[in-house]
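Here is the structure we will look at.
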Amino acid sequence: MPTPPDIALIEDWHAALNAGDADRVVALCGDDVAVVGPRGTATGAAVVRDWVGRAGIRLVPERWFHRGNAVVVAQRATWRDPSTGATGTPRPVATAFRVGGGRVERIARHDDLDSALADAGLDAATELLDR
């Protein structure tokens, strides 16, 4: 079964983020991409570029959910300490993405899968079991 374009885009986004390739992450996002996190919402490529450079995060996808232009990925997250370079203990998180025109329009990180699914308007029935 071929990979839907929205899923392929989010796979590429993860690969670029985990490689620390801010230019590629930005290129995969729309010009007015919204970034939603614990500190609120901000928009634009500069916000994404700064976040990739500052966060030191690695997100390993574990479960995928998709319907329409919404994609939610349950992930195992680790953060790199900027002063020591040490990687912290992995913890579960989930990210709700909205895709449009072949680019990421919204990125919303959540501390748990249920919150991300609710944010995206998805549920357990939208899980992609062949991933």
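The values are calculated or read from the model by the stated rules, or taken from the named source; none is laboratory data. This structure is a prediction, so every number in the text was calculated from the model and none was measured. Cβ placement follows ideal geometry from the backbone for every residue including glycine, while neighbour counts extend to all protein chains displayed.
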(request) Specify the residue that is modelled with the lowest pLDDT; the eligible residues are those in the range 20-70 that are exposed (fewer than 14 other Cβ atoms within 10 Å of the Cβ) and either among the hydroxyl-bearing types (Ser, Thr, Tyr) or touching a helix residue (DSSP H, G or I) at 6+ places or on another chain (Cβ under 7 Å) (or both). (result) Gly53
(request) Would you please name the residue that is farthest from Arg76 (Cα to Cα), looking only at residues in the range 102-131 that are under 12 Å from the mean Cα position of the chain (by Cα) and touching a residue at least 40 places away in the same chain (Cβ under 8 Å)? (result) Glu105
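In the list Arg24, Arg131, Arg106, which residue meets the criterion of being within 23 Å of Thr3 (Cα to Cα), in a strand (DSSP E or B) and of a type in the set (D, E, K, R)?
Numbers: Arg24 fails: in a strand (DSSP E or B); Arg131 fails: in a strand (DSSP E or B).
After ruling out the rest, the residue left standing is Arg106.
So which residues in the range 81-128 are polar (S, T, N, Q) and surrounded by 12 or more Cβ atoms within 10 Å (Cβ to Cβ), if there are any at all? Before the answer, list the steps.
Going residue by residue through the range 81-128, those that are polar (S, T, N, Q) are 83-84, 87, 89, 95, 115, 126.
Residues satisfying the conditions are Thr87, Thr95, Ser115, Thr126.
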(request) Exactly one condition in (1) closer than 27 Å to Gly85 by Cβ; (2) without any contact (Cβ under 8 Å) to a residue 40 or more places away in the chain; (3) surrounded by fewer than 18 Cβ atoms within 10 Å (Cβ to Cβ) is not met by Ala8; state its number. (result) (1)
(request) For Ala55, state whether it is small (Gly, Ala, Ser) and either under 13 Å from Ala108 (Cα atoms) or without any contact (Cβ under 8 Å) to a residue 24 or more places away in the chain (or both). (result) no
(message) When the residues of the range 88-101 are narrowed to those that are within 15 Å of the chain's Cα centre (by Cα) and small (Gly, Ala, Ser), which ends up nearest to Val48 (Cα to Cα)?
(response) Ala96
